[in-house]
Amino acid sequence: MLDLNQDPSLGAALRDALARWPDEICLIEADRDRENCQMTYQQFSTAALALACAIQQESFSAGDRAAIIMSNQSKWLVSAYAVFYSGGVLVPLDFKLTATEHLQLLAHCRARLLIVEYHLWRAITKMPAFKDMTVSTVLVTEAPAEADLAGACRWEEAKAAGEPAFVARQREDAACIVYSSGTGGRPKGCVLTHRNYLEQCKALMALFPFWPGVRYLSILPTNHAIDFMVGFIGPFLCGATVVHLRTLRPEFIREAFVKYRITYMSLVPLVLKNLETGLRARFAELPPRRKNMLDLLIAVNRLLTRKRPNVRLSRLLLNKVHAPFGGELRGFFVGGAFTEPATLQFFYDLGIPVANGYGLTEAGTAVTLNDLHPFRPDTVGKPLPGTEVEIRNPDPEGIGEVAVRGPTVMSHYLGDPELTAETIVDGWLMTGDLGRIDSTGHLHLFGRKKNMIVTEGGKNIYPEDIESAFEGLPVKEFCVFAANYLWPQRSSRTIVAEQLVIVLRLNPGQNFDAALRNDLAARNRRLPDFKRVSSYVIWDHDFPRTASMKVKRVILAEEIGKKLERATAVMEL
């Protein structure tokens with residue numbers, strides 16, 4: 001890895017990396033059963049500098065903002081480096097947003113350059129607000145030859161002869177504007193500096209180093225904070241290889257593990273849970289004798305790795321489990337939402353460690369990370385090197401608001417000094433999350449401060465904490481609310497005070513039968529009286545989620561309150 005103390009900006013650090021490992025493969029782009037391209041660091045540099053020269057000829061200069069709206073592909077990273085090389089500020093936008101939302105964010109950040117996929121650009125040009133768009137240069141990828149680009153240019157043709165000028169930036173200059181919608185409320189543009197990213201990379205790579213030969217499988221959107229760092233900045237500054245997969249179909253993900261001998265991969269909890277479900281189903285289909293042998297080997301591996309992982313030993317003991325993952329997998333990274341401890345334990349017992357952490361856009365990629373020494377599935381780990389975490393105004397159980405201070409905390413919210421002043425107080429980022437730090441320095445999370453419920457008896461309860469008691473419930477998804485939060489303006493004849501409701505989204509074709517009711521009731525009885533849910537609601541739609549797969553609780557609550565009548569929808573347990 002480069003000495004990041006010597007580089008003043010991401011552009012400078014990436015330039016040094018491309019020069020240091022010219023012949024190493026930095027990018028592989030695969031789509032289903034075909035490989036679109038492989039690029040060495042030298043080839044990547046050549047492509048990016050040609051693009052940098054082209055945008056500089058369009059007068060793109062230091063401090064100008066460039067938005068990217070693309071799915072995972074090599075052009076995303078080539079474009080990002082061209083922007084950094086030219087001294088620009090990158091605005092990575094979620095390609096899953098609507099065209100209207102894209103236009104709103106482009107206007108808010110005052111982007112001068114937009115790099116966008118053709119089908120997304122077509123949707124943008126059809127919006128009434130398109131006529132007011134002020135972006136001066138638009139580059140469109142993969143546009144058909146005969147397409148009307150509404151004044152935009154083809155990305156593939158944006159090349160210019162000559163050498164672009166490298167535009168130096170300093171550590172405190174803005175590197176990216178990252179929009180965070182959280183789980184509700186208005187989007188916020190978090191201004192993150194070059195220092196934020198360089199310090200974050202240094203801390204993460206100290207715990208989980210990459211090197212030439214490491215292959216990282218990228219399936220999360222590159223605009224996602226985790227993949228931007230662990231699937232771009234980190235690998236590139238260490239000479240590793242990023243494998244972009246332009247499909248999420250499970251059979252092609254399985255094929256990529258073996259074909260490219262993947263070392264690491266980042267997942268959101270929902271995908272990790274689906275992977276666990278698939279493995280458990282495969283194990284259950286084994287003949288009894290083979291199943292017993294597998295259980296024995298898993299138990300032996302658990303015993304021998306209880307203090308710290310030993311990937312080589314685990315591969316030897318559980319070769320048939322590891323082989324479908326390519327035989328080189330060292331582990332997964334997971335974050336963005338709550339991950340069930342039982343799921344983390346399941347993979348650890350197989351010898352596939354999952355490094356789970358806690359972070360938020362305002363603090364870069366991660367605040368805490370479980371370094372697996374020792375393995376602690378019940379926490380989100382310890383603060384990263386250089387990061388401080390405090391619990392503010394703790395209650396008698398030690399639970400209070402998580403406050404963060406360190407070199408990865410954002411500079412400010414774009415154009416919102418009042419919200420910035422509310423969020424960063426005396427240098428401390430007030431996260432709005434509730435947590436407790438245990439005697440070993442590990443952080444435990446209990447939910448969002450704004451979701452906290454105070455019972456009639458004065459007890460503080462947290463929906464996310466209660467939901468952990470229902471881990472593994474055989475439904476598609478579930479969420480806990482206070483009844484009065486779902487129906488704040490309606491009659492309380494059915495439920496009074498702050499009684500709790502669990503909202504269930506059943507699997508396709510599933511019925512709420514006696515077995516499910518008994519399972520739900522049994523889990524509920526294990527909770528203290530004041531934490532028990534008193535009723536349930538069956539919801540017929542998938543829960544709205546953020547890009548990191550967190551449930552958008554505010555939006556879900558609004559939808560339930562509008563579409564269901566409290567008196568008929570709520571069923572007592």
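The values are calculated or read from the model by the stated rules, or taken from the named source; none is laboratory data. All values reported here derive from a predicted model rather than from experimental measurement. Cβ coordinates were reconstructed from backbone atoms using ideal geometry, including for glycine residues, and neighbour counts include every protein chain displayed.
Overview of values
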| item | result |
| --- | --- |
| Any chance L372 is over 23 Å from P187 (Cα atoms) and crowded, with 22+ Cβ neighbours inside 10 Å | no |
| Any pair with Cβ under 6 angstrom, 6 or more apart, that starts in region 194-212 at a residue that is in the same structural domain as F84 (by TED's automatic domain parsing) and ends at one that is polar (S, T, N, Q) and crowded, with 21+ Cβ neighbours inside 10 Å | H194/S9; N196/T408; E199/T408; Q200/T365; Q200/T408 |
| Identity of the residue in region 261-276, among the β-branched types (V, I, T) and modelled with pLDDT of 90 or more, that ends up surrounded by the most Cβ atoms within 10 Å (Cβ to Cβ) | I262 |
| Check on T241, at pLDDT 95 or above, outside the structural domain of E24 (by TED's automatic domain parsing) and in contact with a strand residue (DSSP E or B) (Cβ under 7 Å, 6 or more places away or on another chain) | no |
| Region 482-516, residues that are more than 16 Å from L556 (Cα to Cα) and either modelled with pLDDT under 85 or in contact with a Ser or Thr (Cβ under 6 Å, 6 or more places away or on another chain) (or both) | Q489, R490, S491, S492, R493, T494, I495, V496, A497, E498, Q499 |
| Residue in region 243-252 that is within 19 Å of G335 (Cα to Cα) and not acidic (D, E) present | yes |
| Every pair of residues 6+ apart whose Cβ atoms lie under 8 Å, when the first sits in region 91-117 and is part of a helix (DSSP H, G or I) while the second is surrounded by 20 or more Cβ atoms within 10 Å (Cβ to Cβ) and of a type in the set (K, R) | C109/R65 |
| Residue within region 22-38 that is at pLDDT 95 or above, under 23 Å from V167 (Cα atoms) and in a helix (DSSP H, G or I) present | no |
| Those residues of region 507-534 which are outside any helix (DSSP H, G or I), touching a strand residue (DSSP E or B) at 6+ places or on another chain (Cβ under 7 Å) and among the polar types (S, T, N, Q), in sequence order | S534 |
| Which listed residue is polar (S, T, N, Q), assigned to a loop (DSSP other than H, G, I, E, B) and either touching a Pro at 6+ places or on another chain (Cβ under 7 Å) or in contact (Cβ under 8 Å) with a residue 12 or more places away in the chain (or both), from T339, T343 | T339 |
| Selected residue (criterion: nearest to P474 (Cα to Cα)) from residues of region 535-573 that are in a strand (DSSP E or B) and not aliphatic (A, V, I, L, M) | Y536 |
